[in-house]
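What follows is a set of notes on a single structure, which appears directly below.
The values are calculated or read from the model by the stated rules, or taken from the named source; none is laboratory data. Owing to the predicted nature of the structure, the values given are computational and were not obtained by experimental measurement. Positions of Cβ are generated from backbone atoms using ideal geometry, with glycine treated the same way; all protein chains shown enter the neighbour counts.
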């Protein structure tokens, strides 16, 4: 799943760094006729296909493909860089400002407020950076990764990018890119099916839905299949709105609970967080911010100058 989201977010920093590199290519191009044929093969309704093609935004096609398919060539370990005094301060503040929702999340799903608040800080700075990519278009872009023309160009770009780092042989990269493009294609199909179901259920406006280049949206950066499986509302009968603090809080709590979160087991905490984003660095960063925010809430007059990163 967001193992998913995964994917998701160091996202704005990665987007900026990678988008400004020499990896974008005019040779990567969308094909709406191919899309229509592919969506029809998938058995999606005529109404969904018609709407999808009408609201499709092809402008960021090459950016979305390079960020998603070539991101593995970036150095790992960027999440711990986000363990800062600001992160601790804002996490503690977010808990105090949304106490009702955090109390409900803890009562229902037994996940602590500081962990949820730290995760939402890492993901989107508590909603200040949810992304502006058209979510449906992201998946229509990614569906086209496995077209021979795009696959060949992405492989060429990966080899070019790798010349500096030299982490892979050209042969290994060709094999890896063949696997990655196929997996992204299959994953995009799954998420488009989820979006079609969301449209049918009238839960979200696909024309207006926006998020990260990885196809995640809202404060917690859920992907469509995660929204359908885990999104909750603070008010039980309401449609979950992941741009709302309350719903984002209880949704993350439910996700982590279903992923095996146990308050007394460190390994279970890490495992649950890595199901949200398959990165140990990600899990460690959230737990560290949470720990420091707990101290901050227990001693609100304590100087934040002591919340430095010396223990990294």
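Out of contact with any helix residue (DSSP H, G or I) (no Cβ under 9 Å at 6 or more places or on another chain) and assigned to a helix (DSSP H, G or I) - does that describe any residue in region 102-113? Walk me through how you get there before you give the answer.
Restricting attention to region 102-113, the residues satisfying the condition of being out of contact with any helix residue (DSSP H, G or I) (no Cβ under 9 Å at 6 or more places or on another chain) are 107.
Filter again for assigned to a helix (DSSP H, G or I), leaving 107.
Yes; the residues of region 102-113 include at least one that is out of contact with any helix residue (DSSP H, G or I) (no Cβ under 9 Å at 6 or more places or on another chain) and assigned to a helix (DSSP H, G or I).
So the check is Cβ under 6 Å with 6+ separation or different chains; which pairs have a first residue in region 274-298 that's in contact (Cβ under 8 Å) with a residue 60 or more places away in the chain and at positive phi and a second one that's part of a helix (DSSP H, G or I) and surrounded by fewer than 20 Cβ atoms within 10 Å (Cβ to Cβ)?
No pair meets every condition.
Scan (1) touching a helix residue (DSSP H, G or I) at 6+ places or on another chain (Cβ under 6 Å); (2) at pLDDT below 95 for the single condition residue 12 breaks and write down its number.
With respect to (1) touching a helix residue (DSSP H, G or I) at 6+ places or on another chain (Cβ under 6 Å); (2) at pLDDT below 95, residue 12 is out only on (1).
For the condition in a helix (DSSP H, G or I), touching a residue at least 12 places away in the same chain (Cβ under 8 Å) and within 30 Å of residue 155 (Cβ to Cβ), what is the one hit in 65, 44, 119? Before the answer, list the steps.
On the way: 44 fails: in a helix (DSSP H, G or I); 119 fails: within 30 Å of residue 155 (Cβ to Cβ).
Just one listed residue meets the conditions, 65.
From the list 275, 207, 262, 291, pick out the single residue that is more than 18 Å from the chain's Cα centre (by Cα) and in a helix (DSSP H, G or I).
On the way: 275 fails: more than 18 Å from the chain's Cα centre (by Cα); 207 fails: in a helix (DSSP H, G or I); 262 fails: in a helix (DSSP H, G or I).
Result of the check over 275, 207, 262, 291: 291.
Quick one: count up the residues across region 73-96 that are surrounded by fewer than 20 Cβ atoms within 10 Å (Cβ to Cβ) and free of Cβ contacts under 8 Å to residues at least 40 places away in the same chain.
Counting residues in region 73-96 that are surrounded by fewer than 20 Cβ atoms within 10 Å (Cβ to Cβ) and free of Cβ contacts under 8 Å to residues at least 40 places away in the same chain gives 4.
Report, by residue number, each residue of region 127-149 that is more than 21 Å from residue 52 (Cα to Cα) and either under 14 Å from the mean Cα position of the chain (by Cα) or surrounded by 24 or more Cβ atoms within 10 Å (Cβ to Cβ) (or both).
Going residue by residue through region 127-149, those that are more than 21 Å from residue 52 (Cα to Cα) are 127-130, 148-149.
Within region 127-149, 127, 129, 130 qualify.
Can you find a residue that is farther than 30 Å from residue 172 by Cβ, part of a helix (DSSP H, G or I), in contact with a strand residue (DSSP E or B) (Cβ under 7 Å, 6 or more places away or on another chain) and modelled with pLDDT of 95 or more anywhere in region 131-138?
yes
Do you know which residues across region 228-248 are out of contact with any helix residue (DSSP H, G or I) (no Cβ under 7 Å at 6 or more places or on another chain), surrounded by fewer than 23 Cβ atoms within 10 Å (Cβ to Cβ) and assigned to a helix (DSSP H, G or I)? Steps first, answer last, please.
Just the residues of region 228-248 that are out of contact with any helix residue (DSSP H, G or I) (no Cβ under 7 Å at 6 or more places or on another chain), to begin with: 229, 235-239, 243-244, 247.
Next cut, surrounded by fewer than 23 Cβ atoms within 10 Å (Cβ to Cβ) only: 229, 235-239, 243-244.
229, the sole residue that qualifies.
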